[in-house]
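Asks: What follows is a structure written as structure tokens; I'll ask about it next.
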Amino acid sequence: MAMREKIFTEVKFVKLFTQKPVAVFLAAVMLCCLLLPVLTACNKKTSEDDYLYTYREYISKFPTTWNTHNGTTDADEYIQGYTEIGLYDITLSEDRTTYAFIDEMATGDPKDITSANIGKYGIAEGETGKAWEITLNPDATFEDGTRITAEDYVWSMERLISPEMKNSGASTFITGDNELYNARNYYSFGSTEEYFKINAETTYTDDEINQMIEDELLYFSFTKTPIFDTEGSFTVEGHHNIESQKKYYLNEDGEDVYDILYSKYSNQANELGYILITKENVSDFKTNFSVLSASALGVLIPNWYDLLSVLQAASPVYTKITAETEYTEDQLNQMVEDELLYFSFSKTPIFDSEGSFTVEGHHNIESQRKFYKNEAGEDVYDILYKKYASSANEYGYIKITKENFADFKTNFSVLSASALGALIPNWYDLLSIISYEESVETPFDNVGIYKKDDTHFVMVFVNSLTAWQVKYLLTDNWLVYKKYYEEGYSQQGSLTVTNYGTTSGNYMGYGPYKLSAYEKDKEITFVRNENWYGYKEGATNYHAGQFQTDKIVCQIIADQATALLEFEAGNLDSVKLTTNNLSKYKFSDYLLKRTASNTWSITFNSNAEKLKEIEKDNAGNRRILSVTDFRKAISLCLDRSYIGQNILAGSAAAFSFINENYYYDIENDANSIYRNSEQAKQSIVNLYGVEYGEGKTYKTLDEAYRAITGYDIDSAKEYFTQAYTYAKANGLYTDGETIKINIYNNATSAQLSSLEQYMQTQIDTATKGTFLSGKIKVEFKAQQSGRLESIAQGQIEAVYYSYSGDYNDPNGMLGNFTDASKTTLIECGFDPTTETFEVTCDFKGEGEETLSKSYYDWQKSISAGGTYANASNEVKLAIMSALEFNLLSAFRTLPLCVGTDLTLRSKKVNYATDTSNIFAMYGGVRLMTYNYNNGDWNNFCKDKNNLNYA
Amino acid sequence: MAKYVIKRILLMFFTLFVIMTICFVLVKLLEPNEILDVTQAEREEAIREALGYNKPILVQYLIYWKNILTAFDFGVSFKIEYLGSVNDVIQDRLLPTILINLYALLFSVPLGILLGIAAALKKNRWQDHVISTVVMMFVSVPSFVYAFILQYFLGAKLGWFPIQMASVSSTGGYFTWEMFSSMILPILALSFGSIASLARFTRAELAESLTSDYMLLARAKGLTVGQATIRHALKNAMVPILPTIIAMFANILTGSLIIEKIFSVPGVGGLYIQSIQELDYNVFMAVTVFYTFIGLAANIIVDLSYGFLDPRIRMGAKK
């Protein structure tokens, strides 16, 4: 019977789909769907903000955090661009041709008070430009109206460079030219002691516990101690807060043991949140924690004392001996005796500079191996590695003992005696000294920033800076809102993090706009921050006639095609264009073209031995890439203008790493574009062998420079032939072999496929009729990470990438290709520390002379602290252009196109200028004006013909 | 039957565990993204160290399981939503995805079935040829192609519908008319494929039923063509079709990466790829667990539904 009922029910279920009411429902659903277009077309409601000026834009990715201390992506910085403003800002000059500084959160120029600080902060007599006093705008407030004081800036700086937070934004102030005095030490410092939680497996007798109590080693923290031993475990407090877990805390009388202990002892916690276990309170902790151990949690907390922590010395820190430090033999012996000296193959940096390769990493670079050869031709690295690598401790360090001391000395002396000796003068410079402090203990009070009064604070830098440099630096922000910042704290392992600036509710801005709506992955809306001084007549730094925009609506649109449709429908006021859109908008009056500081390039591995290793994949010959003529031939095949216009979004052709956006003396000359200098032009003219002068095709340098295309298919053919002959003669190529060139980028794309196709066609054309005809195969491949490291070590044959740099430091850009200590040096087969070239110039104002130095030394000579750092611009330009010429003429790196940004602006808005300035762009929202308010614009858009931008 | 269900569920959890293990190991094997800035790299390393990412993978996996089992804690996101719980990362993006998929289903199921019925009833006539041609086109062309066409013509050119999905702040909520109208284009783009496959399936099943002996019997006992079709042929044809529809319902939680990208739907579609690209391990694992679970559960439901719909194929049923 039951069975029959069941079958009957199931049959009814099937019937559902065949009965009349269901059919009617289905029909109704379909009818609705068909009517929807008509209904929605009629559903146009009137906007409420017709009289406002709203700027509607889009970004492709939603910001994850706009906390200025650790936001890293462009999207992260997007919100700050409206809601925060620097002490100074950069805008367009009045005539709109260049840039100008403008006071914002500060008032008046920074004041150099170095002379008033002699003897403090490492400032010596006669120095200038190290200590700067900033006067705050007295009308500056957070968006809730709270006044911003010097204390806020100092506190925010402490958080920024805090060792416990390790914020990525700290880099501005702990390294490089803008390093604040002692900031690095403060950032790197960690406590010499740490609290180690007793884990479940460890057992102690009562006597041992008592002894630890006597030695004041036992602690407990409600907020820091993890309830279980695992990483990422809840703290005791966090665990107790979970309602379902509270039952474990109840003792026999039904009392909550957590609450008992908390009410008694939480106020006794030290500044780190730990309560000392004493003879007086131990029984209390024991009784109450035993409740937890006896509960179901006992499996994970078997002993009552498992929730306590033992105060111990921190993990050892190995500090490398620097090149400047000198030790006598006796001192070294003493350190050996004290067991202080260590060495690590995998951890010790080969040079003292930040980001240097490790000894192991450096040794892996084929071109560098020659420095490791002793007189007998043996590799000293290999000798030491074979003997001692296995004796490294858990941190990877080998202890230097009386027994192995001589061995290390003998072998490291080979490195010191080599060309690397300039950077490793003493054999012991590769050793490290063990300590249990991460750095010199530096209280924040000793860091170069302090408050003078509510409206003044002082910043003290390690290096001398000019007023321009200080103002430029202070266009960046580090100010955060203390209350929300602290409320957002949480512990991730040993790191303190904050969720400040991850939602609109835990963030407080202080710029011209404030967040008014925030919808994850969809839309961000800003409205005027009415508390901002810039809008208040009579306030300091009131900006009359600026910021006409009332509201900014930013949509998150990942697909550029969708964004363009929205723009064409009048729903966006600007849109980024791609190469595909250019055919339609190439001649548009609303097209804005801006070049960035980066240059897209291809770098080839030119190390024959390494290339031979790659050939083991049997995909084809690679060694021919080590022939300069071959690389030059590839370069001459490429019409960079064509690539720029047709493949890479309308970019300009690039003939060097340094494009038109780099200034060699921006502070004194706003037009000091390096690329426009005579020396820079000459280097490119020389590179391509273009002649000029009387009786030549080109009369002047300018004419010759403008005529360069870098494209000469006939010459390319000749160079391919020469390369073939050379390669064959030197065993680098055998007739009939296919030559495979894999060029790695972090991802593949339609754009790169076009580039691949173009390169293949060009190479095929150039090799036609030669022995290499049809033999060269180019392919772009994806390697998401590590490709730069791979090519530096010679593991791959080519990469596609771009480097960018500071607009005011063209020499810094060259440093990417010459500084052996930088990870940006990726030209495998090139050694900038040993290869040299000559520069002829009037270096000292005493007449021309010719000097020879290594690439590395030339680049360093005009960097901060270098021999010619304070030389005239002529000397600097001569060195930079010579360096540039010599780097380019090896054709290891082929610059292709300048990074370019194409934007189409709507008819609704006017930018302050259509010619972008690298510092102030198009004038931004500050100078933007409107042709229509929202209501007028809606009317304007009703006629679709008005929205034609082609 | 109960024994069979229990067995399937246990197997489902075992499969889930295997997939989780493989995914965990594989994603941890990916090299961290290259960071050239020294301080940023230092912070990244500090975070990796603090979060235990430098420990052996097996240890990390055990910790991961321990956190799930003891606190149902799947961790926090560091890249996609800084310090946001991974549960929230998924939850916050589920509603738009569910809505769009659900609307698409409500649209495509009746239309697909009706087209299938029409084609079967008019088999080999011009109506059948028209429907079959349209169906073949819908099946063959990927959904993102319709998406672009719909967006361009109905959205941009004719202006009938918004080009992309509207925001809650501009419409006042997910359940407003304005929001619904902005979802129509993605709904249509998602529907065409389903309509086509359902229509094709229904046509094939119904056409077979219509030629069965029992239909002859039904006609012989005096039923009209319509009565015989609805009461007998369609009922039998629905047996294999209904599980397909059930599976479609189970999959409404999964987003379409491309459709969501084209129409700017703030859904879960892109979460998987993004978590791999940015190496947001916890999000990747949570999404893996979520979708694997849904996929496996849907399979079980579909398999079991056969038994409910057709007693002849019920597992463990007594004869």
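The values are calculated or read from the model by the stated rules, or taken from the named source; none is laboratory data. Worth saying up front: this structure is predicted, and the values here are computed from it rather than measured. Using ideal geometry, Cβ is built from the backbone for each residue, glycine included, and neighbour counts are taken over all protein chains shown. Remember, those area values only see protein heavy atoms, side chains included, never the ligands or the DNA or RNA. Shrake-Rupley method; radii C 1.70, N 1.55, O 1.52, S 1.80 Å.
Asks: So A:E280 fits all but one of (1) assigned to a helix (DSSP H, G or I); (2) exposed (fewer than 14 other Cβ atoms within 10 Å of the Cβ); what number is the exception?
Replies: Among (1) assigned to a helix (DSSP H, G or I); (2) exposed (fewer than 14 other Cβ atoms within 10 Å of the Cβ), A:E280 violates only (1).
Asks: Then there's this: For the range B:51-69, what are the residues that are surrounded by 18 or more Cβ atoms within 10 Å (Cβ to Cβ) and within 7 Å of chain A (Cβ to nearest Cβ)?
Replies: Correct list: B:L51, B:I63, B:K66, B:N67.
Asks: Does A:L250 satisfy being open to solvent by 50 Å² or more (accessible area, probe 1.4 Å) and of a type outside the set (S, T, N, Q)?
Replies: yes
Asks: Scan the range A:374-391 and tell me whether some residue there is closer than 19 Å to A:G829 by Cβ and surrounded by 20 or more Cβ atoms within 10 Å (Cβ to Cβ).
Replies: There is no residue in the range A:374-391 that is closer than 19 Å to A:G829 by Cβ and surrounded by 20 or more Cβ atoms within 10 Å (Cβ to Cβ).
Asks: Name every residue in the range A:561-575 that is of a type in the set (A, V, I, L, M, F, W, C) and either assigned to a loop (DSSP other than H, G, I, E, B) or open to solvent by 10 Å² or more (accessible area, probe 1.4 Å) (or both), in order of residue number.
Replies: Matches in the range A:561-575: A:A561, A:L564, A:L565, A:A569, A:L572.
Asks: In the range B:245-260, which residues are in a helix (DSSP H, G or I) and surrounded by fewer than 22 Cβ atoms within 10 Å (Cβ to Cβ)?
Replies: At the first step, the residues of the range B:245-260 found to be in a helix (DSSP H, G or I) are B:245-253, B:257-260.
Listed by number, the residues that qualify are B:I245, B:I246, B:A247, B:M248, B:F249, B:A250, B:N251, B:I252, B:L253, B:L257, B:I258.
Asks: Which condition number does A:L591 fail, the rest of (1) touching a strand residue (DSSP E or B) at 6+ places or on another chain (Cβ under 8 Å); (2) assigned by TED's automatic domain parsing to the domain that holds A:S683; (3) farther than 27 Å from A:Q679 by Cα being met?
Replies: (2)
Asks: Test B:F180 against the stated conditions and say whether it is part of a helix (DSSP H, G or I), away from chain A (no Cβ under 11 Å) and either under 30 Å from A:E48 (Cβ atoms) or in contact (Cβ under 8 Å) with a residue 40 or more places away in the chain (or both). Lay out the reasoning, then the answer.
Replies: Working: part of a helix (DSSP H, G or I): yes; away from chain A (no Cβ under 11 Å): no; either under 30 Å from A:E48 (Cβ atoms) or in contact (Cβ under 8 Å) with a residue 40 or more places away in the chain (or both): yes.
Judged against the criteria, B:F180 is not a match.
Asks: Show the residue pairs that are 6+ apart or on different chains and have beta-carbon atoms under 7 Å apart, the first residue being within the range B:1-23 and in contact (Cβ under 8 Å) with a residue 12 or more places away in the chain, the second being open to solvent by 50 Å² or more (accessible area, probe 1.4 Å) and basic (K, R).
Replies: As it stands, the answer is none, since no pair meets every condition given.
Asks: Please verify whether B:D128 is more than 10 Å from chain A (Cβ to nearest Cβ), of a type in the set (D, E) and either without any contact (Cβ under 8 Å) to a residue 12 or more places away in the chain or within 24 Å of B:F192 (Cβ to Cβ) (or both), treating the condition exactly as stated.
Replies: It is true that B:D128 is more than 10 Å from chain A (Cβ to nearest Cβ), of a type in the set (D, E) and either without any contact (Cβ under 8 Å) to a residue 12 or more places away in the chain or within 24 Å of B:F192 (Cβ to Cβ) (or both).
Asks: Residue by residue through the range B:76-97, note down the ones that are more than 10 Å from every other protein chain (Cβ to nearest Cβ), without any contact (Cβ under 8 Å) to a residue 12 or more places away in the chain and not small (G, A, S). Working first, answer last.
Replies: Of the range B:76-97, the ones more than 10 Å from every other protein chain (Cβ to nearest Cβ) are B:85-87, B:90-91, B:94-95, B:97.
Now drop any that are not without any contact (Cβ under 8 Å) to a residue 12 or more places away in the chain, which leaves B:85, B:91.
Matches in the range B:76-97: B:Q91 only.
Asks: Among the numbered criteria (1) open to solvent by 20 Å² or more (accessible area, probe 1.4 Å); (2) within 14 Å of chain B (Cβ to nearest Cβ), which one does A:K586 miss?
Replies: (2)
Asks: Return the residues of the range A:504-535 that are more than 7 Å from chain B (Cβ to nearest Cβ), in a loop (DSSP other than H, G, I, E, B) and surrounded by 17 or more Cβ atoms within 10 Å (Cβ to Cβ); say none if nothing qualifies. Show your work before the answer.
Replies: Quick first cut of the range A:504-535, residues more than 7 Å from chain B (Cβ to nearest Cβ) only: A:504-516, A:518, A:524, A:526-535.
Applying the additional criterion that residues be in a loop (DSSP other than H, G, I, E, B) yields A:507-512, A:529-532.
Within the range A:504-535, A:Y507, A:M508, A:G509, A:Y510, A:G511, A:P512, A:N529, A:N531, A:W532 meet the criteria.
Asks: Still on this structure, I have one more. Within the range A:537-552, is there a residue that is crowded, with 16+ Cβ neighbours inside 10 Å, hydroxyl-bearing (S, T, Y) and free of Cβ contacts under 8 Å to residues at least 60 places away in the same chain?
Replies: No: the range A:537-552 contains no residue that is crowded, with 16+ Cβ neighbours inside 10 Å, hydroxyl-bearing (S, T, Y) and free of Cβ contacts under 8 Å to residues at least 60 places away in the same chain.
Asks: A further question follows. Filtering the range B:98-113 down to residues that are among the β-branched types (V, I, T) and within 11 Å of another protein chain (Cβ to nearest Cβ), which residue is surrounded by the most Cβ atoms within 10 Å (Cβ to Cβ)? Before the answer, list the steps.
Replies: Within the range B:98-113, the subset among the β-branched types (V, I, T) is B:98, B:100, B:109, B:113.
From what is left, the residues that are within 11 Å of another protein chain (Cβ to nearest Cβ) are B:109, B:113.
On the way: B:V109: 22, B:I113: 24.
My answer is B:I113.
Asks: Quick check on my filter: what residues within the range B:124-155 are polar (S, T, N, Q) and either part of a helix (DSSP H, G or I) or within 19 Å of the chain's Cα centre (by Cα) (or both)?
Replies: Of all residues in the range B:124-155, those polar (S, T, N, Q) come to B:124, B:127, B:132-133, B:140, B:143, B:151.
Once the filter is applied, which keeps residues that are polar (S, T, N, Q) and either part of a helix (DSSP H, G or I) or within 19 Å of the chain's Cα centre (by Cα) (or both), the range B:124-155 yields B:Q127, B:S132, B:T133, B:S140, B:S143, B:Q151.
Asks: Only helices (runs of 4 or more DSSP H) wholly contained in the range A:762-863 count here; list those with 1 or more residues that are open to solvent by 10 Å² or more (accessible area, probe 1.4 Å) and over 30 Å from A:F919 (Cβ atoms).
Replies: Once the helices (runs of 4 or more DSSP H) in the range A:762-863 are filtered for at least 1 residues that are open to solvent by 10 Å² or more (accessible area, probe 1.4 Å) and over 30 Å from A:F919 (Cβ atoms), what remains is A:787-792, A:855-861.
Asks: Could you tell me which residue of the range A:874-919 is nearest to the chain's Cα centre (by Cα), considering only residues that are small (G, A, S) and within 30 Å of A:Y585 (Cα to Cα)? Spell out the reasoning first.
Replies: Taking the range A:874-919 first, the residues small (G, A, S) are A:878, A:881-882, A:889-890, A:899, A:906, A:912, A:916.
Imposing the further condition that a residue be within 30 Å of A:Y585 (Cα to Cα) reduces the set to A:899, A:906, A:912, A:916.
Numbers: A:G899: 17, A:S906: 32, A:A912: 30, A:S916: 24 Å.
Selected residue: A:G899.
Asks: Among the residues of the range B:157-167, are any aromatic (F, W, Y) and away from every other protein chain (no Cβ under 11 Å)?
Replies: We begin by selecting, within the range B:157-167, every residue aromatic (F, W, Y); these are B:160-161.
Applying the additional criterion that residues be away from every other protein chain (no Cβ under 11 Å) yields none.
No, there is no match, as no residue in the range B:157-167 is aromatic (F, W, Y) and away from every other protein chain (no Cβ under 11 Å).
Asks: In the range B:76-86, how many residues are part of a loop (DSSP other than H, G, I, E, B) and open to solvent by 20 Å² or more (accessible area, probe 1.4 Å)?
Replies: From the range B:76-86, those part of a loop (DSSP other than H, G, I, E, B) are B:77-84; that's our starting set.
Pick out the ones that are also open to solvent by 20 Å² or more (accessible area, probe 1.4 Å) and you get B:78-79, B:81, B:83.
The qualifying residues number 4.
Asks: Name the residue, out of B:L216, B:L185, B:L242, that is part of a helix (DSSP H, G or I) and under 21 Å from B:L114 (Cβ atoms). Steps first, answer last, please.
Replies: Details: B:L216 fails: under 21 Å from B:L114 (Cβ atoms); B:L185 fails: under 21 Å from B:L114 (Cβ atoms).
After ruling out the rest, the residue left standing is B:L242.
Asks: Still on this structure, please answer the following. Looking at the structure I just gave you, is A:F630 at pLDDT 95 or above, within 30 Å of A:F919 (Cα to Cα) and surrounded by 18 or more Cβ atoms within 10 Å (Cβ to Cβ)?
Replies: no
Asks: Does A:T725 meet the test of being surrounded by fewer than 17 Cβ atoms within 10 Å (Cβ to Cβ) and touching a residue at least 60 places away in the same chain (Cβ under 8 Å)?
Replies: Against the criterion (surrounded by fewer than 17 Cβ atoms within 10 Å (Cβ to Cβ) and touching a residue at least 60 places away in the same chain (Cβ under 8 Å)), A:T725 does not qualify.
Asks: Let me spell it out: the conditions are (1) within 21 Å of A:D50 (Cα to Cα); (2) touching a helix residue (DSSP H, G or I) at 6+ places or on another chain (Cβ under 9 Å); (3) open to solvent by 30 Å² or more (accessible area, probe 1.4 Å); (4) outside any loop (DSSP other than H, G, I, E, B), and A:V925 meets all of them except one. Which number is the exception?
Replies: For A:V925, the failing item is (3).
Asks: Here are some conditions: (1) away from every other protein chain (no Cβ under 11 Å); (2) open to solvent by less than 30 Å² (accessible area, probe 1.4 Å); (3) modelled with pLDDT of 90 or more. B:I149 meets all but one. Which one does it not meet?
Replies: The failed condition is (2).
Asks: Criterion first (farther than 26 Å from A:E523 by Cβ, open to solvent by 30 Å² or more (accessible area, probe 1.4 Å) and touching a Phe, Trp or Tyr at 6+ places or on another chain (Cβ under 8 Å)) does B:F192 satisfy it?
Replies: yes
Asks: Here are the criteria: (1) at the interface with another protein chain (Cβ under 10 Å from one of its Cβ atoms); (2) part of a helix (DSSP H, G or I); (3) open to solvent by 20 Å² or more (accessible area, probe 1.4 Å). Tell me which single one B:D73 does not satisfy.
Replies: Going through (1) at the interface with another protein chain (Cβ under 10 Å from one of its Cβ atoms); (2) part of a helix (DSSP H, G or I); (3) open to solvent by 20 Å² or more (accessible area, probe 1.4 Å) one by one, B:D73 breaks only (2).
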